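The values are calculated or read from the model by the stated rules, or taken from the named source; none is laboratory data. For clarity, every value in this text was computed on a predicted model and none was experimentally measured. Here the Cβ positions follow ideal geometry from the backbone for every residue, glycine too, while neighbour counts run over all protein chains shown. The area values use the complete protein model at the heavy-atom level, side chains included, leaving out ligands, DNA and RNA. Shrake-Rupley method; radii C 1.70, N 1.55, O 1.52, S 1.80 Å.
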Amino acid sequence: MEPARCRLLVGYLQTGAPAHRRPAGWHAHGPAHSTRGGGSHSPSWFSSRRLARPSIVLVLAYAVPLLVVPPTLPQPLIDDWNYQLSVQHLVEDGDLWIAPWTAASLVLQVGWGALFASVFGLDPVTLRWSTLVASFAGTLACHALFRELGASRRRALIGALAVWLNPLVFGLSYTFMTDVPYLALLAASAWATTRGVRREALGWLAAGSALAGLAFLVRQQGVLLPLAALGWLLLCGPTRFRAAPWRTATATGAPCLVAVIAYYRWAVASGPSTQGDYVESLRDAGLWGTLDLVWRLAVVGLFYLGLFVFPLVIGAVEAVPASWRRARPVGRALPIVVLAGLVVWTGWYASGHGGRTFPFVPWGSMLHEDGLGVLDAEGERSFLFASWVYAALAGVLALSVAIAALIVIGRDRTAAEGTPHGVAVRPRLASSLGGLMLALGLGQFAGAVPPSVHIRQFITFDRYYLPLVPFALGLVLWALRGRRFAPGLAGVALALLTLVNVLGVQDWFAFKRAQWEAATWLVEEQGVPLRQVDAAAQWDGLHFYEYSLAHPEDRVRRRPGDVWWLYLVAPMIDPVYIVAASADPRQGYRIHATQPYDSWIRDDEESVAYIWRRWPARRPTIALPPDHSAAGLGQPSESRSGASSGTARREPTPQVGDPR
């Protein structure tokens, strides 16, 4: 038989169509790899040679920043002091104890941290390394997800680097917060689910559900992964799943449901927690208050989506004209409307917030005008740039998300998705793998609403947007199949993010170290009673939180201006001394001393932590219990001299460590 006829016969046998009529890049197992468009991987993706190269690059991408700014800060950050206490209970007592104040489910994270602590010792540095290991695993899972979506090895690697070097992921990887471990399990679950859809395999869907159950044991939003996947499968998924809804529902939901039931049985037996406060907050907000929050969450979230996909948008700049030409008139109008709406929002927000714009979250944000990281300190440090710079940044991110939307709308619709039966299909967006990413992402956005209602006066915490990272990047990479892409330009954007991350984390660590050292100086060298020092939630919580649970009656009357953690974490502290970030003390306080620190992005005059002292210093309204040191916290005796009494005479401002 002639070679040409052989090829035609093979084409009919493999795909039901002649070889010359098959979609470009198609082979028997699905879309082939290409250096430009990025096809879906072959079944041998996990071979050692294919896995080695991205792993080596990712190891280097992790190693270099960690060598420049090592994760060796010996103090806790944000809320991870609370999680450290849970790990301590498990390691020392074998007791799985979650503090009542904790909102996240946390169970799996406590076990993960205890695994590291039992080998390397319990301290913030060890727990921080456990998060970095989870972060690396999550980045690998994102790489696998992007390959499953049809990205080439190079593009999937760039996408994985965009996950790691995103400022939220990078900064939170230096903590023991739940966000990054949750992201890692979420990405693994999304990869298994996507693989199950492509192979039409219920076993992979069950694996994705099981991983979602593990994610639920870190943060409750994990339960939304199988729910969103099941909804998409039954409404838009492949025919096989829609034809057998009960089998599909069982595979997609049952493994996760086991974890949910087991957790709540344990939680009910363990006693009360604050998780019910979120239900109460939803009731207080009401329907209209919740809807108002949802639209503000959505608008601010678009700016963060622009940040997430920024490296890919920069790399895809050459594909924008082709996307514009392919988009229909309505499709072209949508990015323009999004861009215009976000610009108007920026101006409206600035007019009501003293000219402040991005990051639009005035408190508790990882991204802030004064740098990267949550300070948890009274007062604000000086902003790094003028207000117009942050407004311009908001405009750049608005343009980034608008271009990303155009790329998705004007995608190459001739790019086929393969099936395990050798059939190339070109589904509409809703029924494609891109639609699956949208469904999973919308589910995670819904999961950000309940915790945000509790703090709706600030809109949200920006870290609540973190679960959207893999889905935003995955959707854009999926839409870029068959489009031009410039890895060098994307690399420039990633290098810029690396610089921002390293400088930001160094500055954050330097301030937190100075804050802790200033509090230690007050207590150990100046003889100030521990109960008169407020040095942020981390210091106060580690010293007093468990004691406050055992002695709820030991409280002092709060004064106007006292911060939230004095109400919830350490109600027995009478803050005669406050370790703050600002040189402008609140009413009733004066600067008592300063603690300089070394920041790579601030002048020496701005690199200072301040100790405020209340004038006149007064004793607590409620007397201390006679044996308050019995809590085992090591606090100094109240009879020690120091700041228990003060005079109105203004003293010169010393630096911490100066002889007094």
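Here are the numbers for this structure:
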read-out: Gained length - Arg283 relative to Ala298, 0.36 nm times residue gap less alpha-carbon distance; value: 3.3 nm
read-out: Exposure of Ile459 as accessible area (Å², to 10), given a probe of 1.4 Å and all protein chains; value: 10 Å²
read-out: Efficiency of FRET between Arg484 and Glu553 - r from beta-carbon atoms, R0 56 angstrom, step 0.05; value: 0.25
read-out: Additional length obtainable on full extension of the chain from Trp600 to Asp93, 0.36 nm per residue less Cα span; value: 178.3 nm
read-out: Sulfur and carbon atoms: percent of accessible area, the stretch 412-545 [1.4 Å]; value: 63 percent
read-out: Fully extended contour minus Cα-Cα distance, from Ala430 to Ser382, at 0.36 nm per residue; value: 12.6 nm
read-out: Ranked by how many other beta carbons lie within 10 Å on average, peptides 303-311, 69-77 from highest; value: 303-311, 69-77
read-out: Highest-first arrangement of 143-154, 241-252, 190-201, 82-93, where packing means the average Cβ count within 10 Å; value: 143-154, 190-201, 82-93, 241-252
